[in-house]
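Everything on this sheet refers to the single structure shown next.
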Amino acid sequence: MSQSPDVHICETGPRDGLQNLAVFVPTAAKFALIDAIAAAGVAEIDAGSFVPAKVVPQFADVEQVMAHALKLRGVTVGALVPNLKGAERALAAGVQAIYFVISASETHNKANVRRTVAEQIEGFKAVRAGIDAGPAAGRPHLMGAVSTAFGCSLEGRISGAAVCRVARAYAEAGADEIGLADTVGYATPPLIKSIVEAVRAEVGREMPLRLHLHDTLGMGLANAVAGLEVDIRRFDAAVSGLGGCPFAPGARGNIVTEDLVFMLEEMGLSTGIDLPKLMETRAILRQHVPAEHLTGHLHEAGIPAALWRAA
Ligand code: ZN
């Protein structure tokens, strides 16, 4: 077994990055994207969402995509589910990680999953029970994500108490990990620290925490550094900065995986990711994703040969 890297990165481009695109990315291109991400050494891929195809047509092929991704070795394949029905599909597909979502913002939760926060918490308990009903071996890792944890385009600032309410519900219901998601990209470094510490005070320091960051205000990497400074070592990111939220006008994509990897490695933190290989995902995306959705400083500047260590 190789030593685990200092920072764990989950590549969410195939899910968060594609879910709001107006164009359907062909199934074969999704396969190629996931293959390229895995080949670069990414440890975890958020590969799709188990939602009805009529709600998100992009994931009409999610069963095929998961079956393909799950053939890959050395990578954890996860999927987002908004409810028990989605979780049952994910379990049937054999995914290795399930990401459930509850918004700290009541309004966003309604817009996103058409339920109240209290109803969505009940939904999470049902998912936990559904997983536990299966054999202990092979149970997927269950992460509870708190969406809009750092602000909401519909409600504005979100109180730490609202975030902690959802985090506590997840912890009490048996989440294996809690994700704190800056869904619309309104976080700033001090807010990252205060929310992380508030959640730790609520659920205890043993609960693994993950940050999911968007770059709407250009704060994405600064927020990642703020996370590192409060001992966060698990991050979501998307190749070429894919992504955006339909309920947040102007919301930019996720933090750019390539730029995040460069920064972390420059900080002396290993990621286990081969950056030049990861950059090859751009060529796949360019064929299917409109250019305005593809960002990333390294893609514009190139990896500075004068800085980057020889592979
Ligand atoms: Zn997101």
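The values are calculated or read from the model by the stated rules, or taken from the named source; none is laboratory data. Just so you know, these numbers come straight off a predicted model, no measurement behind them. Reconstructed Cβ throughout: ideal geometry from the backbone, glycine too, with neighbour counts over all protein chains shown. Keep in mind that these areas ignore ligands, DNA and RNA; they rest on the heavy atoms of the full protein, side chains included. Shrake-Rupley method; radii C 1.70, N 1.55, O 1.52, S 1.80 Å.
Tabulated data for the structure shown
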| quantity | calculated |
| --- | --- |
| Phi-based couplings in Hz for the range 121-135 (Karplus 6.51, -1.76, 1.60; Gly and Pro marked x) | 4, 4, x, 5, 4, 5, 5, 4, 5, x, 5, 5, 6, x, x |
| Three semi-axes of the equivalent ellipsoid, the range 8-310, Cα gyration tensor, whole Å, largest first | 27, 23, 19 |
| Length added when fully stretched, Glu119-Trp308, from 0.36 nm per residue minus Cα-Cα | 63.1 nm |
| Candidates Gly86, Gly130, Gly268, ranked by Gaussian network fluctuation over the chain, Cα under 10 Å, top entry | Gly268 |
| Asp236 long-range amide H proximity, modeled H, under 5 Å | Cys10, Leu211, His212, Leu213 |
| Added length on full extension, which subtracts the Cα-Cα distance from 0.36 nm per residue, Ala129 to Asp274 | 48.4 nm |
| Top of Ala149, Ala198, Ala291 by mean-square fluctuation, Gaussian network on the chain, Cα under 10 Å | Ala291 |
| Within the accessible area of the chain (1.4 Å probe), percent carbon and sulfur | 56 percent |
| Heavy-atom accessible area order for His8, His293, His108, largest first, 1.4 Å probe | His293, His8, His108 |
| Low-density loop positions, trypsin sites (Lys or Arg not before Pro), the range 24-97 - DSSP coil, at most 12 other Cβ in 10 Å | Lys54, Lys71, Arg73 |
| Choice from Asp35, Asp182, Asp215 showing the highest fluctuation, given a GNM over the chain with Cα pairs closer than 10 Å | Asp35 |
| Tally of Lys pairs whose C-alpha atoms are under 28 Å apart, taken over the chain, 8 or more apart or cross-chain | 14 |
| Nonlocal amide H pairs with Gly179, under 5 Å, H built at 1.01 Å | Gly144, Ala145, Val146, Arg210 |
| Which of Ile131, Ala198, Ala162, positive extreme of dipole for the chain (C-beta unit charges) | Ile131 |
| Under the Karplus curve 6.51 cos²θ - 1.76 cosθ + 1.60, θ = phi - 60°, whole-Hz ³J(HN,Hα) for the range 76-91, x wherever Gly or Pro sits | 7, 10, x, 9, 7, 10, x, 6, 5, 4, x, 5, 5, 5, 5, 5 |
| Solvent-accessible area of Ser194 with every protein chain in place, 1.4 Å probe, in Å² to the nearest 10 | 60 Å² |
| Charge sum, other residues only, whose C-beta stays under 13 Å from Leu91's C-beta, Lys/Arg counted +1 and Asp/Glu -1 | +1 |
| Where labels lie 7 Å past Cα in the beta-carbon direction, separation of Arg205 and Val225 in nm | 2.5 nm |
